[in-house]
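Before any comments, here is the structure.
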C-alpha cells in the first residue's frame, strides 16, 4: 500500500466537492450533470484502489447510463417537482449532526480495520486454475459466487417488469417513451452512425478479455446498451414494442440459460451451479455470452423507460 | 495514512452527505441522487476492504470487488425503478392539476 499522494488527496476532495454540489445546487438538472462528473471521478478512485473491473463498471453504469437516465428525468420534471419545503433550520442542524455522527462512526471503522486484513485472495488464487479463468473477479462472479450473479440477472428482469408495470393501461402496447426526443441534427446522426460499429467491437472485446483481464459481461453489456441507446436517441431506429415476443425472449434468455446450466450442475457435478471438471471455462463463456446479450437488452430497455402512448394500435403480439 | 484509508474516509463522508440529502431534500429526484451518493460511499468502503486484502499477487481481494460490481448493477436497476416511480407520480399530479384536459389526454403523453 502506497502513501497518500497529492493526486489522491485532490481526487478525494474533488469527489466530496461534487457530492456536495449535487446536493446543494439550485436545480435538479444541474445536480444530474454534477452526478455524471461525480461518477467519472469515482471511476478514477476505483483505479487508484486497484479495482479496474469496478472502475469500468462505475464509469459505464454509474456515470454513463445513470447519468443519462437522470438527465432525461430532470428535463421532464421541471414543472411538477417542487424543490421547496425544506425542514426548518433547527431540524436540519439536528439531522446534520446525526449524519456527521454516522460519518464519524464509519471513519472510526475504517481507521480501526484489523491488521493484517482478512482476505479471500489466497483462497481465490488457490482455486483459480480449476476454473480456467485468469481474471479472479470474473472467477468469483461466475464460479465461486455464481449464485450472486444469477440473482442479479434475475433482479434486472424484475426491474424491467416493474418499470413496464408503471405504464398506463392505454399505453400498454406502445413503445418505450422516456428517451429524450431531440430534433435530428447532422452531428448527432453522424455520431450515431459512426460510433456504434466501434462501440460494438469495444463491447465484445470487453466481454472476451474479461476472462483473463479487467472487463467482463457487465462492462461489455453496458457499452453495447449505450450504443443501442445512442441509435435510439438519434432517431435512426424506433424502440421495439414491449409486447414483442422476441424482445422478451432476448431479455430472459440469459437468466434461463444460467438457471439451466446451474440445474445441470446437480446432475453432472455435485451441486447447483457447480461445473464439471474441465468444462468450467466453456460453460462460463456460454453463460457470459448469453448474459451479455440479455443484460445489454435489459439495460437499454431500462433507460428507454416504460411504454408510452402507442401511435398505431396494430399490436404485434 | 495509506491511499486506501484516505478513500475509506472519503466514503464515510459520502455516506453522511447522502444521508443528510436524503432526509432534508423535498424533491424526489434529488433524494434518489442522494441515495446514490450513500450507495457509492458504501461501495467505497468495500473497495477499501478489497484493497487492504491484497494478497497472492492480486491488487485487491477479488471477492469484495465482485460484490461491488453486482451491487452497482442492482443499484442501477433500483435507481431506474425509483426514477420511473417519481416520473409517474409527477404525471399523476399534472393530470390532477388539469381536470378536464386530463381525462382526454393520455397520461403517457406528458411533456
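Before moving on, here are some points about what is shown:
- The set of residues in the range A:98-127 being closer than 19 Å to residue A:139 by Cβ and in a helix (DSSP H, G or I) consists of A:121, A:122, A:123, A:124, A:125, A:126, A:127.
- Selection from the range A:193-207 of residues that are over 15 Å from residue A:223 (Cβ atoms) and either in contact (Cβ under 8 Å) with a residue 12 or more places away in the chain or not assigned by TED's automatic domain parsing to the domain that holds residue A:218 (or both): A:193
- Within the range A:173-195, the residues that satisfy the criterion of being crowded, with 16+ Cβ neighbours inside 10 Å and under 26 Å from residue B:75 (Cα atoms) are A:175, A:176, A:177, A:178, A:179.
- Criterion applied to A:303, A:259, A:295, A:289 was being within 27 Å of residue A:62 (Cα to Cα), modelled with pLDDT of 80 or more and surrounded by fewer than 22 Cβ atoms within 10 Å (Cβ to Cβ), and the one residue passing it is A:289.
- Residue tally, condition at the interface with chain B (Cβ under 8 Å from one of its Cβ atoms), farther than 20 Å from residue A:207 by Cβ and in contact with a helix residue (DSSP H, G or I) (Cβ under 8 Å, 6 or more places away or on another chain), over the range A:114-143: 6
- Selection count where residues are in contact (Cβ under 8 Å) with a residue 12 or more places away in the chain and more than 27 Å from residue A:170 (Cα to Cα), scope the range A:230-268: 9
- Of all residues in the range A:242-256, exactly one satisfies the criterion of being within 18 Å of residue A:178 (Cα to Cα) and surrounded by 20 or more Cβ atoms within 10 Å (Cβ to Cβ), namely A:242.
- Selected residue [facing chain A (nearest Cβ under 7 Å) and either free of Cβ contacts under 8 Å to residues at least 12 places away in the same chain or in a helix (DSSP H, G or I) (or both)] from B:12, B:82, B:75: B:12
The values are calculated or read from the model by the stated rules, or taken from the named source; none is laboratory data. Worth saying up front: this structure is predicted, and the values here are computed from it rather than measured. Don't worry about glycine lacking a Cβ; one is built from the backbone with ideal geometry, like all the others, and counts go over all protein chains shown.
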